[in-house]
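Okay, so here's the structure we're looking at.
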Amino acid sequence: MLRNFAAIDFETANAQRTSVCSVGVVIVREGEVCETFYRLIHPRPNYYSVFTTAIHGLTREDTEEAPLFPDVWAEIAPHIEGLPLVAHNSPFDEGCLRAVHAFYGLPYPDYHFYCTLRASRRQLKGLANYQLQTVSAACGYDLTRHHHALADAEACAWIARRLFDDSNGHIEFQTQTRESRTGESTDGTKTYMRP
């Protein structure tokens, strides 16, 4: 049963997993959204590729004065302590979180990730694809600001709650294995970020 969790989404400035430039977090307790966070982050390395800016719209000017990841995470971490993390194409988001912790020499708390991309493939048969916006629509959520970290986290939380409801409390999200942490997904929302 997955009634308490934090849905998370990172956007990056470039192809480096350490270059997180925004994060969205949606905290769900007892099946209801109770808190949300959206923060811009000063990325490392601090440059934006044309490709990523075209996807999420953020530029260096947007994050030049933003705090570094350790300051942002110090604010978020206490709110998600003890909660499993849920992401759509979780190898990407987990990969970013691990990489940025390592970059700053922060101890990684070994967060437990669940993947709505994999869960939706098992439970929502027959969709044209399993990208976030497609699965969101199939679950009744209108994702109008795709690739905004908070909007994507909200969509992910909606999907997780819907899949939980449809499974009568017995959702079986597939957790990530060592091999799947590479982020080699073929139809998730973030495949453009492969190292």
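What follows draws every value from the coordinates through simple rules; no lab data is involved. Just so we're clear, the structure is a prediction, and the values are computed from it rather than from any experiment. Methodologically, a virtual Cβ is constructed for each residue, glycine included, from the backbone with ideal geometry; neighbour enumeration extends over all protein chains shown.
Assorted remarks:
- Scan the stretch 16-32 for residues that are closer than 18 Å to Y104 by Cα and among the aliphatic types (A, V, I, L, M) and the total you get is 2.
- For L85: the one exception among (1) surrounded by fewer than 18 Cβ atoms within 10 Å (Cβ to Cβ); (2) under 25 Å from R162 (Cβ atoms): (1)
- Only one entry in R44, R98 is touching a helix residue (DSSP H, G or I) at 6+ places or on another chain (Cβ under 9 Å), assigned to a loop (DSSP other than H, G, I, E, B) and within 14 Å of S19 (Cα to Cα), namely R44.
- Those residues of the stretch 18-32 which are closer than 18 Å to V86 by Cα and either touching a residue at least 24 places away in the same chain (Cβ under 8 Å) or assigned to a loop (DSSP other than H, G, I, E, B) (or both), in sequence order: V20, S22, V23, G24, V25, V26, I27, V28, R29, E30, G31
- R121 being surrounded by fewer than 19 Cβ atoms within 10 Å (Cβ to Cβ), within 15 Å of the chain's Cα centre (by Cα) and not small (G, A, S): no
- Filter pass, V100 being touching a strand residue (DSSP E or B) at 6+ places or on another chain (Cβ under 6 Å), farther than 15 Å from E154 by Cα and crowded, with 18+ Cβ neighbours inside 10 Å: yes
- Within the stretch 103-124, the only residue that satisfies the criterion of being assigned to a loop (DSSP other than H, G, I, E, B), under 26 Å from R44 (Cα atoms) and of a type in the set (A, V, I, L, M, F, W, C) is L106.
- Against the criterion of being small (G, A, S), part of a helix (DSSP H, G or I) and either more than 19 Å from E154 (Cα to Cα) or touching a residue at least 40 places away in the same chain (Cβ under 8 Å) (or both), A66 does not qualify.
- Number of the condition not met by T59 [criteria: (1) without any contact (Cβ under 8 Å) to a residue 24 or more places away in the chain; (2) polar (S, T, N, Q); (3) crowded, with 17+ Cβ neighbours inside 10 Å]: (3)
- Per-region count, the stretch 104-118, residues touching a helix residue (DSSP H, G or I) at 6+ places or on another chain (Cβ under 6 Å), crowded, with 20+ Cβ neighbours inside 10 Å and among the hydroxyl-bearing types (S, T, Y): 1
- Matching residues, the stretch 129-149, being crowded, with 19+ Cβ neighbours inside 10 Å, assigned to a helix (DSSP H, G or I) and of a type in the set (A, V, I, L, M, F, W, C): L132, V135, A149
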